[in-house]
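A.B. asks: Mind looking over this structure? Questions follow.
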Amino acid sequence: MEDSLKIELKMDKLESLKLYAELLGKDVDTMLDEALERYFIEEQEKLIAKEQNATNLSYDEFWDGVDFE
């Protein structure tokens, strides 16, 4: 994997980052790291929920209506 990555942000996002960095007393790198961590947690939770919803049928519900003869 690359050691560096080029990221392009829209001007309004960049301005908001700078403003919040000043208001919160944080650097932009820290804020982006925190935001990505929250994003990854949220997406992981969505994937887990999706997987659970795909497999939440009981044995009887799964086989209901199937004729084995």
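A.B. asks: On C-alpha positions alone, give me the angle between the axis of helix 11-24 and the longest principal axis of the chain, in degrees, nearest 10.
C.D. replies: 80
A.B. asks: Quick one: which of Lys6/Lys50; Lys13/Lys46; Lys6/Lys26 span more than 30 angstrom between C-alpha atoms?
C.D. replies: Pairs exceeding the cut-off: Lys6/Lys50.
A.B. asks: Further question on the same structure: At 1.4 Å probe size, with the rest of the protein present, what percent of the exposed accessible area of the chain is carbon and sulfur atoms?
C.D. replies: Carbon plus sulfur share of accessible area: 55 percent.
A.B. asks: Compute the long axis of helix 28-54 from its Cα atoms, compare it with the longest principal axis of the Cα atoms of the chain, and write down the angle in degrees, 0 to 90, nearest 10.
C.D. replies: Helix 28-54 and the main axis of the chain meet at about 10 degrees.
A.B. asks: With charges set only on the Cβ (+1 for Lys and Arg, -1 for Asp and Glu), what does the dipole of the chain come to about its Cα centre, in debye to the nearest 20?
C.D. replies: 540
The values are calculated or read from the model by the stated rules, or taken from the named source; none is laboratory data. What you see is a predicted model, and the numbers here were worked out from it, not measured in a lab. Every residue, glycine among them, receives a Cβ derived from its backbone with ideal geometry; neighbour counts consider all protein chains shown. Just so you know, the surface numbers come from the protein's heavy atoms only, side chains and all, with ligands and any DNA or RNA stripped out. Shrake-Rupley method; radii C 1.70, N 1.55, O 1.52, S 1.80 Å.
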